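First comes the structure, then the notes that go with it.
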Amino acid sequence: MAGKPQPVRVLYCAVCSLPAEYCEFGPDFEKCKPWLIQNAPDLYPDLVKEANAKEADKVANQLQSTGISSGGDGAASSAPKQEEVKRLPGGKIKKKERQEVTIEKMTRNKRKCITTVKGLELFGVKLSDASKKLGKKFATGASVVKGPTEKDQIDVQGDIAYDIVEFITDTWPDVPEAAIFFIEDGRKVPAA
């Protein structure tokens, strides 16, 4: 005869109160990770490996920082250069934005054109003032709008690409002609 069945003992997470096997589907798995590593390492072996790797990286960074601080003046001057690089989530490195003005001509309704000017703000130009000056110079409508990359740009009605480079360099001397580019057929072409 078989013995009396015993009840199953379930380990519940102290953070989210779900069974430990289901913590990864809970609302705050990141908060549960330290508890899981300590109390249920057999359920999530990847977490233990990840924690060990992070700890090793932390020790390596500490060793590297102590090596830089005791290295002398030459090594200390390279430390600020490392801080300029900005890291995004996932380990990607954010590149510093180039100072350049791009001019693109877009066609709408077959015959009407819109000339888009991007990047003037990188040279210290106020876009609202720039749009007024462009509108007055070329006798068209000009406005500051958010572009597809959530950055402000100037939309000018009409095809003014032929004369805009000279106007920009004359009006704002901080903008060099070498920093102005046209976008033609999806390629960047220098205006100079």
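Quick notes on this structure:
- Boolean, Ala161 is under 28 Å from the mean Cα position of the chain (by Cα) and open to solvent by less than 30 Å² (accessible area, probe 1.4 Å): no
- Positions within region 1-47 being of a type in the set (A, V, I, L, M) and either without any contact (Cβ under 8 Å) to a residue 12 or more places away in the chain or touching a strand residue (DSSP E or B) at 6+ places or on another chain (Cβ under 8 Å) (or both), in sequence order: Met1, Ala2, Val8, Val10, Leu11, Leu18, Ala20
- Restricting Pro27, Pro5, Pro41 to those that are touching a helix residue (DSSP H, G or I) at 6+ places or on another chain (Cβ under 8 Å), outside any helix (DSSP H, G or I) and not hydrophobic (A, V, I, L, M, F, W, C) reduces the list to Pro41.
- Residue check for Thr116: within 28 Å of the chain's Cα centre (by Cα) and outside any helix (DSSP H, G or I): yes
- Yes/no for Ala51 being modelled with pLDDT of 80 or more and not in a loop (DSSP other than H, G, I, E, B): yes
- Lys146 being farther than 26 Å from Pro173 by Cβ, modelled with pLDDT under 85 and either open to solvent by 90 Å² or more (accessible area, probe 1.4 Å) or not charged (D, E, K, R) (or both): no
- Among the criteria (1) modelled with pLDDT under 80; (2) of a type outside the set (A, V, I, L, M); (3) open to solvent by 60 Å² or more (accessible area, probe 1.4 Å), the one Glu21 does not fulfil is (1).
The values are calculated or read from the model by the stated rules, or taken from the named source; none is laboratory data. Remember, it's a predicted structure, so these values are computed and weren't measured experimentally. Every residue, glycine as well, gets a Cβ built from its backbone with ideal geometry; the counts of neighbours run over all protein chains shown. Each accessible area value is taken on the protein alone, full model and side chains, heavy atoms only, with ligands, DNA and RNA left out. Shrake-Rupley method; radii C 1.70, N 1.55, O 1.52, S 1.80 Å.
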